[in-house]
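Here the structure comes first, spelled out in structure tokens, and everything after it is commentary.
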Amino acid sequence: MLALGKLLELTLSGHEPAEKTQVTVKGVRLRWLAEGALEVCPAEPAHCGLDLMLSAGIHGHETAPVELLERLLHGIASGTLIPRVRVLFLFGNPAAIRAGKPFIERDANRLFSGRHAQSSGVEALRVAELEQIARGFFSLPGRSRLHYDLHTTVRGSVFERFAVYPFQPGRAHSRRELARLASAGVQAVLLQDKPSATFSAFTYEQLGAEAFTLELGQVHVSAQRQTAIVDAWQAWLACLIEATQPPHDDSLDGVQLFSVAREIVKYSDNFRLHVPADIAHFTELSPGLLLAEDLAGTRWVVEEEGARLLFPDPKARNGSTAGLLVVPDAGQRLG
Ligand code: ZN
């Protein structure tokens, strides 16, 4: 296999490859751009004109997405997977991947869209670099741009495969892209209604890409579980890369849409979340339930019908989000 096909090995060892560009036996061009970043240009591009960015390891302990990208790249480098779209493979936080931790100093997925400028340390520097790499990749005019930032959940989830769809004022969420995710077996999508500092929000808001944070499934259960998750997504992404995805209609069957009713903010060290620490994502909450408390009598009581809890994080930094209360969305504003 070509040396550049071993991007993960290069990234883990912190080595720059001697040769920055290599061409596979199938005429596919691989170009190393920076640590953990490899651009793949097809020999025979498909008519769809798609530029696809796949990122993994923004949280360094989430190994399934990293393994998934590595497998796809090995396929391309060894000539068994023939790409017909332009792809950027990106390992988000190499230092954290090497350490096997979510992050070294700060959660990188809260530092995008310029937030890194108010921070310092490993993640702030890397996020600035990732923004630059993404900007370069998505700079060709007249192309369609798609970004999947791949994650896995540690806790369980009522909907095992789910996605978060960023927000930009005046721009409708695409029914077509949601239908594409439905074809991947995604069961729930949170439609954001305000800007955020995640990687997918950056490419969506600032680079005009369709972009999603994609939760591939729950891992850390067993090695077999991880393999099953990676196998399933590998097959689906391989079709996207080869431009052989069967045409999908705009049906959202099987996908439930949600929007944010309220953000639960942790103001102080007195913050208490009154649900089990390992509560599954999208657990339904009954109206009247006291969900959380903080100092000065701040209380979050569930009022909404059909409310569910997403991303509970009682260990969040003071002043940041410690969970989202989401409610069903009828999808009437899709474009
Ligand atoms: Zn993650």
Where a residue in region 199-228 is farther than 15 Å from residue 150 by Cα and part of a strand (DSSP E or B) and its partner, wherever it lies, is at pLDDT 90 or above and open to solvent by 10 Å² or more (accessible area, probe 1.4 Å), with Cβ under 9 Å and at least six apart = none
Kindly provide the set of residues from region 229-248 that are more than 16 Å from the ligand (Cβ to nearest atom), among the hydrophobic types (A, V, I, L, M, F, W, C) and not in a loop (DSSP other than H, G, I, E, B), ordered by number.
-> 232, 235, 236, 237, 238, 239, 240, 241
Among the numbered criteria (1) on the phi > 0 side of the Ramachandran plot; (2) open to solvent by 30 Å² or more (accessible area, probe 1.4 Å), which single criterion is violated by residue 306?
-> (2)
Residues being surrounded by 13 or more Cβ atoms within 10 Å (Cβ to Cβ) and either free of Cβ contacts under 8 Å to residues at least 12 places away in the same chain or assigned to a strand (DSSP E or B) (or both): count how many of those fall in region 140-154.
-> 10
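Residues are listed down the side, and each one gets a yes or a no for (1) more than 24 Å from residue 63 (Cα to Cα); (2) open to solvent by 60 Å² or more (accessible area, probe 1.4 Å); (3) in contact with a Pro (Cβ under 8 Å, 6 or more places away or on another chain):
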| position | (1), (2), (3) |
| --- | --- |
| 156 | no, no, no |
| 167 | yes, no, yes |
| 170 | yes, yes, no |
| 176 | yes, yes, no |
| 188 | no, no, no |
| 192 | yes, no, yes |
Test: residue in region 265-285 that is free of Cβ contacts under 8 Å to residues at least 60 places away in the same chain, assigned to a loop (DSSP other than H, G, I, E, B) and in contact with a Lys or Arg (Cβ under 7 Å, 6 or more places away or on another chain) = yes
Are any residues in region 68-121 more than 29 Å from residue 49 (Cβ to Cβ) and of a type in the set (Ser, Thr, Tyr), and if so, which ones?
-> 119, 120
Regarding residue 87, is this residue touching a residue at least 60 places away in the same chain (Cβ under 8 Å), touching a strand residue (DSSP E or B) at 6+ places or on another chain (Cβ under 6 Å) and among the β-branched types (Val, Ile, Thr)?
-> yes
What is the residue count in region 46-83 for residues that are within 16 Å of the ligand (Cβ to nearest atom) and either farther than 22 Å from residue 99 by Cβ or not acidic (Asp, Glu) (or both)?
-> 14
Hey, residue 89 within 30 Å of residue 244 (Cα to Cα) and either of a type in the set (Phe, Trp, Tyr) or modelled with pLDDT under 95 (or both) or not = yes
Do we have residue 111 as away from the ligand (no atom under 13 Å from the Cβ) and farther than 24 Å from residue 14 by Cα here?
-> no
Filter region 165-198 for residues that are of a type outside the set (Val, Ile, Thr), in a strand (DSSP E or B) and either modelled with pLDDT under 95 or away from the ligand (no atom under 15 Å from the Cβ) (or both) and give the result.
-> 165, 188, 191
Of the residues 211, 277, which is within 16 Å of the ligand (Cβ to nearest atom) and either among the hydrophobic types (A, V, I, L, M, F, W, C) or in contact with a Gly (Cβ under 7 Å, 6 or more places away or on another chain) (or both)?
-> 211
All positions within region 132-164 that are touching a Ser or Thr at 6+ places or on another chain (Cβ under 8 Å), more than 16 Å from the ligand (Cβ to nearest atom) and not aliphatic (A, V, I, L, M) | 138, 145
Take region 95-108 and flag every residue that is open to solvent by less than 80 Å² (accessible area, probe 1.4 Å) and away from the ligand (no atom under 13 Å from the Cβ).
-> 95, 99, 100, 104, 106
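The values are calculated or read from the model by the stated rules, or taken from the named source; none is laboratory data. A quick note: this is a predicted structure, and the numbers were derived from the prediction, not measured. FYI the Cβ positions are ideal-geometry reconstructions off the backbone, even for glycines, and counts take in every protein chain you see. Only protein heavy atoms, including side chains, enter the accessible area calculation; ligands, DNA and RNA are left aside. Shrake-Rupley method; radii C 1.70, N 1.55, O 1.52, S 1.80 Å.
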